[in-house]
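Since every read-out is calculated from the coordinates, none of them should be taken as a lab result. What you see is a predicted model; the values in this text were computed from it and never measured. Note that we place each Cβ from the backbone using ideal geometry, even for glycine, and neighbour counts take in every protein chain shown.
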Amino acid sequence: MTGAEFDKIFDRKMREAYTGFYSTVNVKPALFNEALIMYIQDTYKNLNEQQEYDKLRSLIVTNDPYPLTASELAITTIRQYFHLLAFKATCTDQAFDGSAIKYTAPNTVETPVLTALRTGETVTILGITYYVKQVGSGNQYTLYTNSTLTTAANFGVVPSGTPMTRSVTYYGRTLYFSDKKIAQWGKPTIYIPKAEIADGKIKVYPTATNIIIDYVKEPTVRILPTDNIVDLEATYPYNFLIGVADKAVAMMAMETHDYNRFNVQNNQNTKEQSSTII
């Protein structure tokens, strides 16, 4: 489907009643662009069924890693960011006592007592991050340079008294809204991190060093009513484009005060979003 073909579908849904008012050259491109953004918003709000994820498949970015500065990430640094879907944060365990670690070259560490440190987690020594594998009595660990624990580390000679920090990586459960901060329950922890979006940043709680995010990106392929070349279905599924057309019809009906047409089209969008594929 090209932009010109999309335009014909739109006109058919409007029964060509208002095509003179909405000219192809001046108004329709803006209308289609706004309808595209609004329909993405609507679909995002209803991401509880696989069919909704399928509609946005070309716009969903997964496992995108970023370092954090003071536990924050500027949204402007995220490629084509639109909406956050999920995140996984690496948080520093402030309760971990890494001040009396015994280092044995080339890659073994021992804590003075049993700790919460477990296989697969990470520790940082002299600014270098290692993955750990628990061995021996339970307070001994072998260090590796990769998460699959196949490449053993070689940290050489580490001075006595050098501190070691522990970090854990878990998926965040919910966004941290301002009105929830005063609640005594549901506080973020290193095992259940939370994030808020404020001041143009993603802010992670408790203190985190890295984040991996899944998000919806902004659309880069626009619907141009005069275009006969670009195949929109190479980017958007057919049923998604039909939903955008319905959204454009509803928006136009509101602007022209055709409330009967708006209600019919809006109900069609709602019915489509609430339906389930079995």
Listed peptides 104-112, 7-15, 240-248 by packing density, highest first (mean Cβ within 10 Å) = 240-248, 7-15, 104-112
ask   = Between residue 201 and residues 5 or more places away or on another chain, which pairs have amide H atoms under 5 Å apart, with H built 1.01 Å from N, and which residues are they?
value = 75
Whole-Hz ³J(HN,Hα) from phi, Karplus 6.51 cos²θ - 1.76 cosθ + 1.60, for the range 109-119, glycine and proline x = 10, 9, 8, x, 9, 5, 10, 7, 5, 10, 3
remark   = Counting only residues 5 or more apart in sequence or on a different chain, those whose built amide H sits under 5 Å from that of residue 98 are 164
ask   = Hey, could you pull the Cα Rg and Dmax for the range 102-162, both in Å?
value = 10.6, 29
ask   = Tell me, how many Å apart are the Cα centres for the range 29-72 and for the range 184-252?
value = 2
Greater than 28 Å apart at Cα, pairs in 133/187; 45/194; 45/203 = 133/187
